[in-house]
1. Here is a list of conditions, (1) under 22 Å from residue 71 (Cα atoms); (2) surrounded by fewer than 21 Cβ atoms within 10 Å (Cβ to Cβ), and residue 100 meets all of them except one; can you say which number that is?
2. Within segment 89-141, track down each residue that is among the charged types (D, E, K, R) and modelled with pLDDT of 80 or more.
3. Out of everything in segment 109-158 that is more than 20 Å from residue 205 (Cβ to Cβ) and of a type in the set (Gly, Ala, Ser), what residue ends up being nearest to the chain's Cα centre (by Cα)?
4. So which of 197, 208 is touching a helix residue (DSSP H, G or I) at 6+ places or on another chain (Cβ under 9 Å), under 17 Å from residue 107 (Cβ atoms) and loosely packed, with under 14 Cβ neighbours inside 10 Å?
5. Checking the condition in contact with a Phe, Trp or Tyr (Cβ under 8 Å, 6 or more places away or on another chain) and open to solvent by 70 Å² or more (accessible area, probe 1.4 Å), which residue from 166, 216 passes?
6. Being in contact with a helix residue (DSSP H, G or I) (Cβ under 8 Å, 6 or more places away or on another chain), modelled with pLDDT under 85, open to solvent by less than 80 Å² (accessible area, probe 1.4 Å) and of a type in the set (Val, Ile, Thr) narrows it down to one of 28, 19, 62, 73, so name that one.
Amino acid sequence: MVRLDKFLCDSGAGTRSQVKAMLKAGRVTVDGSVEKDGGHKIDPAVEAVALDGEILGGKRRVVLMMNKPAGYVTATEDASQPTVMELLPPELKRLEVKPIGRLDKATEGLLLFTNDGDLLHRLISPKKEVPKVYYARHEGQACQADVEAFAAGLTLGDGTVCLPARLEPLGAGESLITVCEGKYHQVRRMMASRAMTVRYLERRQEGTLALGALPRGKVRELTREEIRLLEG
């Protein structure tokens with residue numbers, strides 16, 4: 001058994017104050033009858049809860065996109081540094097989402113979250129080979145030899161072997177890099193191996209998803225169609 005107001009919050013209906021207003025307005029029904037008491041205990045397995053006539057299913061699956069700013073580590077918690085979880089609105093944090101993959105503290109851009117464990121593991125699996133596009137500002141200028149080296153697959157100084165990747169020079173000190181894996185600091189290390197130390201890095205695209213006009217530090221939910229395309 002669970003409190004009705006908690007069930008509504010966990011279902012993503014809104015914040016505690018929003019749920020309280022919904023109940024007061026008579027917008028919530030339990031098995032077809034209006035219920036205004038948030039403390040009313042329900043059994044979600046046998047009772048149908050609806051908001052404005054739409055049945056709710058408890059803790060719904062959600063996939064989020066964040067435009068991560070620099071200065072936050074990609075972790076659910078950290079004793080000494082701010083984490084990306086601190087940027088999530090309370091109503092989304094309550095859905096127990098976790099980051100999909102990782103961006104280092106200095107890297108900005110597209111970062112996904114979900115509360116679907118199966119989806120999370122599928123997307124971070126190396127076998128999935130989801131292409132990720134990064135914009136980099138760096139020392140020097142990428143040349144044709146660098147483009148060919150990326151396309152052939154780099155072997156880093158510590159012996160790490162990288163899959164073939166795409167390097168697109170944009171001019172002096174700017175490039176786009178597309179990789180299909182997510183090794184530790186991979187893009188920075190690949191660029192450094194070609195004497196192009198990265199000064200700024202932003203992930204702009206992951207699979208079919210582009211960062212678009214989402215403001216830095218903000219979050220939005222993916223649509224059903226975006227999730228379908230992401231799952232492949």
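1. Status for residue 100: all satisfied but (2).
2. 93, 96, 98, 102, 104, 105, 108, 116, 132, 137, 139
3. 117
4. 197
5. Just a single option satisfies the conditions, and that option is 166.
6. 62
Yes or no, residue by residue, for (1) part of a loop (DSSP other than H, G, I, E, B); (2) within 18 Å of residue 188 (Cβ to Cβ):
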site: 76; (1), (2): yes, no
site: 79; (1), (2): yes, no
site: 92; (1), (2): no, no
site: 95; (1), (2): yes, no
site: 102; (1), (2): yes, yes
site: 106; (1), (2): yes, yes
site: 109; (1), (2): no, yes
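Quick grid of which residues meet (1) within 24 Å of residue 83 (Cα to Cα); (2) in contact (Cβ under 8 Å) with a residue 60 or more places away in the chain:
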| position | (1), (2) |
| --- | --- |
| 146 | no, no |
| 152 | no, no |
| 171 | no, no |
| 177 | no, no |
| 187 | yes, no |
| 198 | yes, yes |
| 221 | yes, yes |
| 228 | no, no |
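The values are calculated or read from the model by the stated rules, or taken from the named source; none is laboratory data. Everything numeric here is computed off the predicted structure, so don't read it as measured data. Cβ: placed from backbone, ideal geometry, glycine included. Neighbour counts: every protein chain shown. Heads up: the accessible areas ignore ligands, DNA and RNA and are worked out on the full protein's heavy atoms, side chains in. Shrake-Rupley method; radii C 1.70, N 1.55, O 1.52, S 1.80 Å.
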